[in-house]
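One structure below.
The values are calculated or read from the model by the stated rules, or taken from the named source; none is laboratory data. Since this is a predicted model, take the numbers as computed values, not measurements. So basically every Cβ, Gly included, is an ideal-geometry build from the backbone, and we count neighbours across all protein chains shown.
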Amino acid sequence: MDSNFITDIIRRSNRNQLMVWGVALILVLIAIAFSLNQYYNLLAGPFIVDKAYIESIKDVQHLDKFYVTITADRTQDTLYTESNTNYGVETSKYYYKGLHLDNDLLLVKTSNVDNQPSYTGALTTVSSDEQGQVLNPLLIDYPNFLPFMLDAGDFHTTGLAGMAAAAIALLVCLWGILRTMGRIVNHERHPIWRGLERFGEPAGVADQIATEVRNSAQTVGKAQVTPNWLVAAQKSTLEATQLKDVMWAYKKIVSGRGGKRISALVYDRYGKMLTISGKEAQIDETLRGIAQRMPWIMVGYSAQAQAAWTKDRANFIAAVDQRKQQQNQ
């Protein structure tokens, strides 16, 4: 590592963040592009259409106007319903109606039990369940049902929710890009740089850390120990704390479907936590090195240590400081 390795880390972090936000923005824009017709129907609809429009539809999945209001010659109750329950309690119920349009019938799914002369909803395909359980039985007696349906659910509310989510995602991506650009222009805005402020003037602290790492660092697993600092640095991340402030360190193992994630957690007297991740052998070596360099700190996890750190940190720190004083005598 050279003398400006901290600014190099910040630069790589900014570059990686810019790439992540850029990819996220592209994905959001692609999603919005695929939803433009839905937004058009949501904002400009519902479109009042006649029977001729419905009967002329060949491909319901590629309609310019699918959020419509249609008035039928008459409405027929099909006697088919759909109920949704949660732990035995009915949460919603839908009724399937048949709209007579000249010689054709249009299947309508609605939450209104009453037959109405007109319905507003989204023209859509018939799901496989609805095809098998509703439409196919109806076709036996009414073969002139159209192969698509009108979902008279709350398209407007759900559509607005989707549009709001897309707008929020777009704004978040733009905010992330602008924030990262600001950090590129001025690296002092970066969290790594700001994290050094608690030790003093960041530029001076960074110079001290870089000098000690270059000239006198001892590598212990995934960390480096210098005369005054414990440093965990990777290509785009940096965590550091002063040795005199280290109070407690232990190994944490999180198991999941993806395997084990192993890390060393190091706490300082200010309650800040430094996380060092790696393979188990590396983490064990890191903790051994920290314990050898600072034998007065608390090493290892226990429920009692966690309770003391959480509920009575002042006495926890005082006990560590006392051990340090005794060992240095």
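A few notes on this one:
- Some residue of the stretch 58-67 being buried (at least 18 other Cβ atoms within 10 Å of the Cβ), of a type in the set (Ser, Thr, Tyr), assigned by TED's automatic domain parsing to the domain that holds Gly45 and part of a strand (DSSP E or B): yes
Listed here are the residues, each with its yes/no results for (1) of a type in the set (Val, Ile, Thr); (2) more than 23 Å from His100 (Cα to Cα).
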| residue | (1), (2) |
| --- | --- |
| Asn37 | no, yes |
| Leu42 | no, yes |
| Gly45 | no, no |
| Asp50 | no, no |
| Gln61 | no, no |
| Phe66 | no, no |
| Ile70 | yes, no |
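- Unmet requirement for Phe155, which otherwise passes all of (1) buried (at least 20 other Cβ atoms within 10 Å of the Cβ); (2) touching a Lys or Arg at 6+ places or on another chain (Cβ under 9 Å): (2)
- When Ala223 is tested against (1) in contact (Cβ under 8 Å) with a residue 60 or more places away in the chain; (2) exposed (fewer than 15 other Cβ atoms within 10 Å of the Cβ); (3) small (Gly, Ala, Ser), only condition (2) is not met.
- Considering residues of the stretch 273-323 that are of a type in the set (Lys, Arg) and either within 18 Å of Gln224 (Cβ to Cβ) or surrounded by 17 or more Cβ atoms within 10 Å (Cβ to Cβ) (or both) only, the residue farthest from the chain's Cα centre (by Cα): Arg293
- Identity of the residue in the stretch 68-103, touching a residue at least 24 places away in the same chain (Cβ under 8 Å), surrounded by fewer than 16 Cβ atoms within 10 Å (Cβ to Cβ) and closer than 30 Å to Leu36 by Cβ, that ends up farthest from the chain's Cα centre (by Cα): Thr71
- The set of residues in the stretch 236-245 that are closer than 14 Å to Arg198 by Cα and either among the β-branched types (Val, Ile, Thr) or under 31 Å from the mean Cα position of the chain (by Cα) (or both) comprises Glu239, Ala240, Thr241.
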